[in-house]
Each structure stands twice: as structure tokens, then as C-alpha cells.
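Peer 1: This is the structure I have questions about; it appears just below.
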Amino acid sequence: MAGTTSASTGGAVAEVTAELAGLEDPKIRAVNERHGDDHGVNLTKLRAVAKRLKTQQELARGLWETQDTAARLLALLICRPKAFARDELDVMLREARTPKVQDWLVNYVVKKSPHAEELRAVWFADADPAVASAGWALTADRVQKKPEGLDLAGLLDEIEAEMKDAPERLQWAMNHCLAQIGIAHPEHRARALAIGERLEVLKDYPTSPGCTSPYAPEWITEMVRRQQSA
């Protein structure tokens, strides 16, 4: 987040980061680090801090500039998504570093930004797989909510050709897009199921009881079943 913070904001940043440090739990950090996230703050407690602070754009900028993961997650909860320029969001994504920060940035900020579609197109074609994964995440959202103008058959072509060997974060986002195509677009469902079955991406992913598997054929089948029984 571009810009400098005032002295009063600097004091607030120090106060909030100290509070976050006090919430640090080594056991939570150990679990998060297995997923590439370097923080140990319980997210329910983090959200409670955000609820108390409410929207504070300048404080959010200051927290982001600390580069601390927990502080950046909090910043994304208290910022004003529409206050960011397109280039500012692009820089933020490229310096996000951890999966959780990127995920929250895309879902809580970029999706609410007037620049979302322009950034989707730019990121989708980026050579950095982490950046490209954000483009695919935004594309999956459009597949579900506003598919007009998207080449769904072309997306399936790319998924079929590239998902199997894609880096983890990009593979996950492509798989999400595959599932959304199969769920939301009956005319492409058979092909989406066939691609998922042939590539077997995330087929053996551990899934907790009561949760839907991220394996696309199971995911698609379950969500369609729920739609039809609703």
C-alpha cells in the first residue's frame, strides 16, 4: 500500500502489532507454516480485532507496510477496497508472499475493486505462477457469477493442457475454475468431469468428514446434487 503514515498512525501500528504479537500461538504457527503461512494468530481472534478497529484505511496501509503476515491479514480486513488504485493492487499482490495473504487480498479486496476485471486479465497471463493463480481465482469467480464474454471451452483447453504439472498454488486455482465450470455450466459439465477424472488432480487430498473434496469430479457431482435437491 503506497503512501506514508503519520506519527499518530505509526503509534497505532505499533500498538496493534504488539497486540498481534501477544496473540501469537506457536502451535498455530506450526500448522500454518506447513501451508506456507508464517503467522501464529488464531483467525477468529484476528477478526475480533478487526471488528473492534472497524474500517481505518490509513492504519491498514501502515499495517501492510510492516510486511508482517498477521498485520497484513488484519490490514485487509480493515481497509477500504475501493480506495486502492489499480497499480497499487498489482504491487500488493506481487509482494503478498504467503498464500493466506494473497487469498484474502483477492477475495476481500480485489473482488470489490472497480479494477478487478482489468487485473484479472493482466494476472491471468502473468509468468509468475503465484500471480497467475490470482488471475485464475478471479476467473473462477466470473465463471460462477458473470460468465458472459468468457471462452469456457478455451479455459477447459488450458486446464486440460496445463493443470497437471502446474505449481501448487496455480494448480489449485485452475482446479477451482474447472469445478466452477462443471457446476455452473451444464453444457460443459461432461467435459469438466472427464478432465478431472483423467488428470486426477487433488484426488487423494485429505478431506475432513462432512466437507466436500476439492477433487473436481467429486466437487462438481456433490454441488450439482445439492442444487438439484434444493
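The values are calculated or read from the model by the stated rules, or taken from the named source; none is laboratory data. Computed from a predicted structure; not experimentally measured. So basically every Cβ, Gly included, is an ideal-geometry build from the backbone, and we count neighbours across all protein chains shown. In case anyone asks, the SASA skips ligands and DNA or RNA and just uses the protein heavy atoms, side chains included. Shrake-Rupley method; radii C 1.70, N 1.55, O 1.52, S 1.80 Å.
Peer 1: Kindly indicate whether any position in the range 47-54 is under 21 Å from residue 97 (Cα atoms), among the β-branched types (Val, Ile, Thr), surrounded by 14 or more Cβ atoms within 10 Å (Cβ to Cβ) and at pLDDT 95 or above.
Peer 2: No, every residue in the range 47-54 fails to be under 21 Å from residue 97 (Cα atoms), among the β-branched types (Val, Ile, Thr), surrounded by 14 or more Cβ atoms within 10 Å (Cβ to Cβ) and at pLDDT 95 or above.
Peer 1: Looking at the range 59-69, is at least one residue in contact with a Phe, Trp or Tyr (Cβ under 6 Å, 6 or more places away or on another chain), at pLDDT 95 or above, aliphatic (A, V, I, L, M) and more than 24 Å from residue 170 (Cα to Cα)?
Peer 2: no
Peer 1: Which members of the range 167-179 meet the condition of being open to solvent by 20 Å² or more (accessible area, probe 1.4 Å) and under 17 Å from residue 145 (Cα atoms)?
Peer 2: 176
Peer 1: Any idea which residue in the range 182-209 is nearest to residue 163 (Cα to Cα), counting only those that are part of a loop (DSSP other than H, G, I, E, B) and open to solvent by 80 Å² or more (accessible area, probe 1.4 Å)?
Peer 2: Among those that are part of a loop (DSSP other than H, G, I, E, B) and open to solvent by 80 Å² or more (accessible area, probe 1.4 Å), it is 200.
Peer 1: Could you check the range 105-137 and list, in sequence order, the residues that are open to solvent by 50 Å² or more (accessible area, probe 1.4 Å) and small (Gly, Ala, Ser)?
Peer 2: 121, 125, 127
Peer 1: Tell me the residue from 60, 130, 50, 70 that is in contact with a strand residue (DSSP E or B) (Cβ under 7 Å, 6 or more places away or on another chain) and either at negative phi or part of a helix (DSSP H, G or I) (or both), please.
Peer 2: Exactly one residue qualifies, and that residue is 70.
Peer 1: In the range 73-104, which residue that is of a type in the set (Lys, Arg) and part of a helix (DSSP H, G or I) is most open to solvent (accessible area, probe 1.4 Å)?
Peer 2: 82
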